[in-house]
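A.B. asks: Before we start, here is the structure in question, set down as structure tokens.
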Amino acid sequence: MIVRPLLARAYWALSRYRVVSEPPLDGSAVLIGAPHTSNWDFVFMLALSWGQGFAPRWLGKHTLFKPPFGRVMRALGGIPVNRANPGRLVDEVVALAHGQERFILVVTPEGTRHRGKLWKSGFYRIARDANLPVVLGYVDSATKTAGFGPTIHLTGDVTADMDKFRAFYADKRGINPDDFTPPRLREEQARPEVE
């Protein structure tokens, strides 16, 4: 759709932020949206994606998909998630990924815009089970930049993989910096706290 790239160009022309990004995505991937500390993060990820020529899918709490905005959210690529019953979500998303030629899923593993203790591991299981690379997307208020960072191919060694995430996000500051949850999964609990 030609309107999306035009909207993205207009957004970046008016934004105080500039795009600093790795080369455009090629093929399917799980795209991390972090730090996730503001509702503006959603707008940034759409503008980044549309500017790179793809329309991402994204996960959102099911209440966002109720009238009157439900159709708009779906048209923007939203997939409703009922957090009270998330059991089959990974399998459903993996099936969606396998059923499409190009599938790019934006996930905000912090799960909330407020500081928590851990990232949710659904993104890791989806990427691993669908055999998709993980692209590290970011918004950095310290440098007023946003973009796509490196692409990580998961090894199955959760701690080693997450060390790469921690290294990348170590100097990134969200729009509300104090609300960022550092990259750490429950599967790493045996390891001492990483800040």
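The values are calculated or read from the model by the stated rules, or taken from the named source; none is laboratory data. Source: prediction; values computed, not measured. A quick note on method: Cβ atoms are made from the backbone with ideal geometry, for glycine too, and the neighbour counts reach across all protein chains shown. These area figures cover heavy atoms from the full protein model, side chains too; ligands, DNA and RNA do not enter into them. Shrake-Rupley method; radii C 1.70, N 1.55, O 1.52, S 1.80 Å.
A.B. asks: Please go through region 60-102 and pick out each residue that is β-branched (V, I, T) and either over 29 Å from G27 (Cβ atoms) or loosely packed, with under 10 Cβ neighbours inside 10 Å (or both).
C.D. replies: Correct list: T63 only.
A.B. asks: Next up: For L25, indicate whether it is open to solvent by less than 70 Å² (accessible area, probe 1.4 Å), in a loop (DSSP other than H, G, I, E, B), at pLDDT below 90 and within 26 Å of P5 (Cα to Cα).
C.D. replies: yes
A.B. asks: What's the total number of residues in region 147-163 that are among the polar types (S, T, N, Q) and either surrounded by 19 or more Cβ atoms within 10 Å (Cβ to Cβ) or part of a helix (DSSP H, G or I) (or both)?
C.D. replies: The total comes to 1.
A.B. asks: Still on this structure: Residue by residue through region 135-183, note down the ones that are under 27 Å from A13 (Cβ atoms) and of a type in the set (A, V, I, L, M).
C.D. replies: If the condition is that a residue be under 27 Å from A13 (Cβ atoms) and of a type in the set (A, V, I, L, M), then V135, L136, V139, A142, A146, I175 are the ones that fit.
A.B. asks: Right, here's the next one. Taking region 43-69, which residues are in a helix (DSSP H, G or I), under 26 Å from H98 (Cβ atoms) and without any contact (Cβ under 8 Å) to a residue 60 or more places away in the chain?
C.D. replies: L46, S49, W50, H62, L64, F65
A.B. asks: Related question: Tell me yes or no: at least one residue of region 30-42 is at pLDDT below 95, open to solvent by 50 Å² or more (accessible area, probe 1.4 Å) and either over 24 Å from D178 (Cα atoms) or of a type in the set (D, E) (or both).
C.D. replies: Checking region 30-42: not a single residue is at pLDDT below 95, open to solvent by 50 Å² or more (accessible area, probe 1.4 Å) and either over 24 Å from D178 (Cα atoms) or of a type in the set (D, E) (or both).
A.B. asks: Identify all residues within region 126-163 that are within 23 Å of P177 (Cβ to Cβ), in contact with a helix residue (DSSP H, G or I) (Cβ under 7 Å, 6 or more places away or on another chain) and without any contact (Cβ under 8 Å) to a residue 60 or more places away in the chain; write none if there are none.
C.D. replies: Matches in region 126-163: S141, M162.
Every residue, every condition in (1) over 26 Å from P183 (Cβ atoms); (2) at pLDDT 90 or above, yes or no:
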| residue | (1), (2) |
| --- | --- |
| I2 | yes, no |
| Y17 | no, yes |
| S21 | no, yes |
| S49 | no, yes |
| P67 | yes, yes |
| R74 | yes, yes |
| I79 | no, yes |
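A.B. asks: Also, quick follow-up: List the residue pairs whose Cβ atoms are under 9 Å apart, where the first residue sits in region 88-104 and is touching a residue at least 40 places away in the same chain (Cβ under 8 Å) and part of a helix (DSSP H, G or I), the second is small (G, A, S) and open to solvent by 20 Å² or more (accessible area, probe 1.4 Å), and the two are 6 or more positions apart or on different chains.
C.D. replies: A97/S28
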